[in-house]
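The values are calculated or read from the model by the stated rules, or taken from the named source; none is laboratory data. This is a predicted model, so every value here is computed, not measured. Cβ placement follows ideal geometry from the backbone for every residue including glycine, while neighbour counts extend to all protein chains displayed. Note: areas computed on protein heavy atoms with side chains; ligands, DNA, RNA excluded. Shrake-Rupley method; radii C 1.70, N 1.55, O 1.52, S 1.80 Å.
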Amino acid sequence: MGLDLTTLSQQVRQMSSATAQGAAANTARMARVAARYHEETGQEQHWAAAVNLSRESFRWLLARPVEPFDTARDLPALPANYALVASDGSQIDLDRHGSAAYYLINIGRVFLRYGEQPLARLSSAPMLYYRDEDLYLGDGVNRVSIEGNYLSARRDVDEGVALVGLADEFLTDDLPALALQDGTLIRWTLAGAERFVQTHFLQRYLAYLDTMRQRNIPVASYISRPRSPELVGVIRLMFCPDLDLSAGRAAVCAKCSAIDATGNPPCAPCERLVDADILAAQLREGQRGPLCISMSRINIESYGDHLIHFFYLRIGHELARIEIPRWVAQDPDQVALVHALVYDQAARGAGYPVALERAHEQAVVRSADRRTFQRMLEGSLYRAEAVVGMSAKQESKSFVKG
């Protein structure tokens, strides 16, 4: 039996009504929070110090401002000629109920050149991982399986390494160029990982960033419809009555002195708001907001010269989050180049960078390809007399699917 749509229809109406009511309430809170943010324009150094002081005791994500809060930089001029490389990845996860232990990562690779001599090169690079050293990581005492978040980290690294290969092959002239990735440059999936796991993945990922820095190719990532609340975290500090920078007293959420009768702290108006909510009215089409540093622990403790900065960019009705390493953020010309090229790519792609769209198309493993690959794998295992058989659970699922 499928979905009971008659029952669901009433729930959908209830959801729609609740969403509309919530939006109206959010508008008032958003205006109050945005007003508090803009009141502090000119005090960015004060709040940067407050962020540094409170980041260990504060419950919320934080950003450290680098530029004035009210920054709204207009779109820079687009170079007449430019080149761009982009990558994206998809995967077939490790299936413990399958006929063999493996996972597959497919990386979509894109090179685009615009101007007097336009050119496009699109390809994909699949890699099958099945050796013991592919499936597990260890430090001599501990041993973990490469699946879930760790497999995502492996794919992220492979996407970065693919950009180095594309740069070697195509970015060999003096054209303005950009290396673009989808999603965050901050390897959040490793934040809670064992130290040896972090080291294994971050060494390769930071080596990729090192290479691009040496070749003077700016790296950026594009996050569509971002839900980050890091700037909102700074505004929470602005509402905090316990923070006293002159006395060296940090904001300690667990000991908030101003919880009201309903159990809410003074920063409660910030609840469920994200950075894009605050900057939406500040930025016109093509403009970017202030540069900030993400204060996530893994970024601060592990990225060194590649410390990830970010800004928000108005593209149509959306504010996209653009992330760049510190060596890009400290070069105004490279920041302007990233700003101009990312916007141009999004304009060509109807709101989403066309290079990333093409990379995704190359990377995605479609259902038909997945089935063909599975048959090819099982046939090869059978011929090699290496079939270990599916689990009873997997056989049951296969029977149900027919």
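General remarks:
- Scanning the stretch 190-215 for residues that are in a helix (DSSP H, G or I), open to solvent by 60 Å² or more (accessible area, probe 1.4 Å) and more than 17 Å from Ile298 (Cβ to Cβ) gives Asp210, Arg213, Gln214.
- Qualifying residue in the stretch 306-323 (condition: over 22 Å from Arg29 (Cα atoms), touching a residue at least 60 places away in the same chain (Cβ under 8 Å) and open to solvent by 30 Å² or more (accessible area, probe 1.4 Å)): no
- Identification of helices (runs of 4 or more DSSP H) wholly contained in the stretch 307-402 with 2 or more residues that are in contact with a Lys or Arg (Cβ under 9 Å, 6 or more places away or on another chain) and modelled with pLDDT of 95 or more yields 326-329, 332-348, 354-363.
- Looking across the stretch 59-73, the residues that are open to solvent by 20 Å² or more (accessible area, probe 1.4 Å) and out of contact with any Lys or Arg (no Cβ under 6 Å at 6 or more places or on another chain) come down to Arg59, Leu61, Arg64, Val66, Glu67, Pro68, Asp70, Ala72.
- Looking across the stretch 227-252 at every residue that is surrounded by 15 or more Cβ atoms within 10 Å (Cβ to Cβ) and in contact with an Asp or Glu (Cβ under 7 Å, 6 or more places away or on another chain), the one that is nearest to Leu356 (Cα to Cα) is identified as Ser228.
- Which listed residue is among the polar types (S, T, N, Q) and closer than 30 Å to Ile293 by Cβ, from Ser87, Ser99: Ser87
- Given (1) touching a residue at least 24 places away in the same chain (Cβ under 8 Å); (2) under 24 Å from Val85 (Cβ atoms); (3) open to solvent by 20 Å² or more (accessible area, probe 1.4 Å); (4) not β-branched (Val, Ile, Thr), number of the condition Asp168 does not satisfy: (1)
- Positions within the stretch 74-110 being touching a Leu at 6+ places or on another chain (Cβ under 8 Å), hydrophobic (A, V, I, L, M, F, W, C) and open to solvent by 40 Å² or more (accessible area, probe 1.4 Å), in sequence order: Leu78, Ala101
- Within the stretch 216-272, the set of residues being outside any helix (DSSP H, G or I) and either touching a His at 6+ places or on another chain (Cβ under 8 Å) or of a type in the set (Val, Ile, Thr) (or both) comprises Ile217, Val219, Ile223, Leu245, Val252, Ile259, Thr262.
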